Amino acid sequence: MKYKELYRAAQQIMQNAYAPYSRFKVGAALLTKSGEVFTGVNVENSSYGAAICAERTAYVKAVSEGYREFEAIAVASSGGEAYPCGICRQFMFEFGEELKIITGEDEDHLHITEIKELLPEGFRLNKEY
Ligand code: THU
């Protein structure tokens, strides 16, 4: 799947965002290495800290369905180009350092970065511990 198409999927799902508090809608579309796409939106809460970001929603959906290998994630927002927050960066890093992050103002101005650029030296639990 082309990254432009993935970004469009993120833009489309954004309309389902539940963001009555920030009014900042975010949509994400996560592409697995085998070609499936899982989408997600931000879901806010009266208890603000309980909100979940669009990226983690997409990951939770995919991992719940048994997918753990991802190629790319596109992120679209109602407020212009948006890069994943710090918590989401760590969350995504867990599943691979090569993940591509697709962001942009619109589908004709996309920026492609990798999670290892956005989160150098991300945390890994030493399994020997
Ligand atoms: N948000 C995301 O969905 N993804 C991000 O990477 C950054 C922030 C959401 C959380 C909250 O619902 C709204 O954007 C404003 O912070």
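The values are calculated or read from the model by the stated rules, or taken from the named source; none is laboratory data. Bear in mind the structure is a predicted one, so any value in this text is a computation, not a measurement. Neighbour counts run over all protein chains shown; Cβ positions are idealised from the backbone, glycine included. Heavy atoms of the whole protein, side chains included, go into the accessibility calculation; ligands, DNA and RNA do not. Shrake-Rupley method; radii C 1.70, N 1.55, O 1.52, S 1.80 Å.
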Out of (1) surrounded by fewer than 13 Cβ atoms within 10 Å (Cβ to Cβ); (2) near the ligand (Cβ under 10 Å from one of its atoms), the one residue 125 does not meet is (2)
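Of everything in the range 1-18 that's of a type in the set (Gly, Ala, Ser) and in a helix (DSSP H, G or I), which residue is farthest from the ligand (Cβ to nearest atom)? Steps first, answer last, please.
Kept after step one, since they are of a type in the set (Gly, Ala, Ser), are these residues of the range 1-18: 9-10, 17.
Pick out the ones that are also in a helix (DSSP H, G or I) and you get 9-10.
Values: 9: 15, 10: 11 Å.
For the range 1-18, the residue satisfying everything is 9.
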Only unsatisfied item for residue 79, checking (1) more than 13 Å from the ligand (Cβ to nearest atom); (2) touching a residue at least 40 places away in the same chain (Cβ under 8 Å); (3) loosely packed, with under 14 Cβ neighbours inside 10 Å, is (1)
With criteria (1) under 23 Å from residue 109 (Cα atoms); (2) assigned to a loop (DSSP other than H, G, I, E, B); (3) near the ligand (Cβ under 8 Å from one of its atoms), residue 21 comes up short on (1)
By residue number, the members of the range 24-40 that are more than 15 Å from the ligand (Cβ to nearest atom) and either open to solvent by 70 Å² or more (accessible area, probe 1.4 Å) or among the basic types (Lys, Arg) (or both) are 33, 34
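Yes or no: the range 84-91 includes at least one residue that is outside any helix (DSSP H, G or I) and touching a residue at least 12 places away in the same chain (Cβ under 8 Å). Let's see the steps before the verdict.
Keep residues of the range 84-91 that are outside any helix (DSSP H, G or I), which gives 84-85.
Adding the requirement that they be touching a residue at least 12 places away in the same chain (Cβ under 8 Å) leaves 84-85.
Yes; the residues of the range 84-91 include at least one that is outside any helix (DSSP H, G or I) and touching a residue at least 12 places away in the same chain (Cβ under 8 Å).
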Pairs returned, first residue in the range 108-129 that is more than 28 Å from residue 6 (Cα to Cα), second residue that is open to solvent by 100 Å² or more (accessible area, probe 1.4 Å) and in a helix (DSSP H, G or I), beta-carbon separation under 6 angstrom, 6 or more apart or interchain, are none
- Message: It is to be established whether one or more residues within the range 41-58 are among the acidic types (Asp, Glu) and either within 13 Å of the ligand (Cβ to nearest atom) or open to solvent by less than 30 Å² (accessible area, probe 1.4 Å) (or both).
- Response: yes
Selection from the range 64-75 of residues away from the ligand (no atom under 15 Å from the Cβ) and surrounded by 17 or more Cβ atoms within 10 Å (Cβ to Cβ) yields 67, 70, 71, 72
Residue set 49, 79; condition in a loop (DSSP other than H, G, I, E, B), among the small types (Gly, Ala, Ser), modelled with pLDDT of 95 or more and out of contact with any Leu (no Cβ under 8 Å at 6 or more places or on another chain); output residue 79
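Within the range 37-49, which residues are more than 11 Å from residue 13 (Cα to Cα) and touching a strand residue (DSSP E or B) at 6+ places or on another chain (Cβ under 9 Å)? Spell out the reasoning first.
Going through the range 37-49, the residues more than 11 Å from residue 13 (Cα to Cα) turn out to be 37, 43-49.
Within the range 37-49, 37, 43, 44, 45 qualify.
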The condition from (1) open to solvent by less than 50 Å² (accessible area, probe 1.4 Å); (2) at positive phi; (3) charged (D, E, K, R) that residue 114 misses is numbered (2)
